[in-house]
Amino acid sequence: MASLEVSRSPLRSRRELEVRSTRQDKCSVLLPTYNERENLPLIVWLLVKSFSESGINYEIIIIDDGSPDGTKDVAEQLEKIYGSDRILLRPREKKLGLGTAYIHGMKHATGNYIIIMDADLSHHPKFIPEFIRKQKEGNFDIVSGTRYKGNGGVYGWDLKRKIISDGVLPCCPENLIVLFGSRGANFLTQILLRPGASDLTGSFRLYRKEVLEKLIEKCVSKGYVFQMEMIVRARQLNYTIGEVPISFVDRVYGESKLGGNEIISFLRGLLTLFATT
């Protein structure tokens, strides 16, 4: 019996170390917002529920860019409800771009993992424990949610949007906004950049904090291209990337922030990366 007990102890020790390591970890969630007053309470509740059930230490950093719909007021109420140690409101005076919002949020993050995601309920927090498990399994520098691998997918789009997203319909002006927010944009970037990740335009990821800090130093993009450049620069710096299939659900409340200016910025950024990487 003694020898059997000895043979089991290394396995038990490894499990104890894994549990202890997870408890020592802390996730800082960066939530950039603009006109998300209806979605923000729901996404924060889901995040708190997911972290509480999985026993993961966390903080949620809300970066509001001067939303005229009162998103900041809602965030202030959430800070009171959940506590300022869990909800940190770090607003800016005006809309300055997605990339700079992440940079701003990073300055206030205290976790060793940084999670970036959308605040419009397109990304479900239930996948975060899977991100962390994936990171631990492969000791990855980055774990990216993917809509285009395994059982990942996109839900809530009508037939026209799905067809456009696959690049079947011609790129007439009324279709451009849809095309460059979905699979069509991802397909184009895969051809030109060959990044080694299946979902280059996705925005649901986990980073080691020190890795994200280094990538931010290298990135020059400020808008939606920021997400794409991060993966391209990660490849250049030989960082490892794991992927977790996710379900992307089209927003229920509010309107998409992707407009004509963002599309032009995306194309310019794509061409710049193609020419310089």
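Values quoted throughout were computed directly from the atomic coordinates according to the rules given, and no laboratory measurement underlies them. Only a predicted model underlies this, so the values are computations on that prediction, with no experimental measurement involved. As a convention, Cβ positions derive from the backbone with ideal geometry for all residues, glycine included, and neighbour counts pool all protein chains shown.
Computed values, structure above
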| quantity | calculated |
| --- | --- |
| Interchain or long-range residues, amide H under 5 Å from residue 204's placed H | 145 |
| Burial ranking of peptide ranges 36-47, 66-77, 116-127, 133-144 (average Cβ count within 10 Å, highest at the top) | 116-127, 36-47, 133-144, 66-77 |
| Residues whose placed amide H lies under 5 Å from that of residue 88, excluding near-sequence neighbours | 60, 61, 62 |
| FRET efficiency, 1/(1 + (r/R0)^6) with R0 51 Å, evaluated for residue 110 and residue 250 via beta carbons | 0.95 |
| Pairs from 49/80; 26/107; 95/149 whose Cα-Cα separation, in the structure shown, is over 22 Å | 95/149 |
| Estimated vicinal HN-Hα couplings, Hz - segment 94-103 in sequence order (Karplus 6.51, -1.76, 1.60; Gly, Pro = x) | 8, 6, 10, x, 5, x, 5, 5, 5, 4 |
| Label-point separation, residue 238 to residue 38 (7 Å along Cα→Cβ), nm | 5.0 nm |
| 5 angstrom amide H check on residue 152, placed H, neighbours 5+ away | 246 |
| Added length on full extension, which subtracts the Cα-Cα distance from 0.36 nm per residue, residue 76 to residue 218 | 47.8 nm |
| Phi to ³J(HN,Hα) by Karplus 6.51 cos²θ - 1.76 cosθ + 1.60 over segment 50-64, Hz, x for Gly, Pro | 5, 5, 5, 5, 8, x, 9, 5, 7, 8, 10, 9, 9, 10, 9 |
| Extension gain, residue 46 back to residue 95 (0.36 nm per residue minus Cα-Cα distance, nm) | 15.1 nm |
| Backbone HN-Hα couplings from phi across segment 78-91 [Karplus 6.51/-1.76/1.60, Hz, Gly and Pro as x] | 5, 4, 6, 5, 9, x, 6, 7, 9, 10, 10, 8, 10, x |
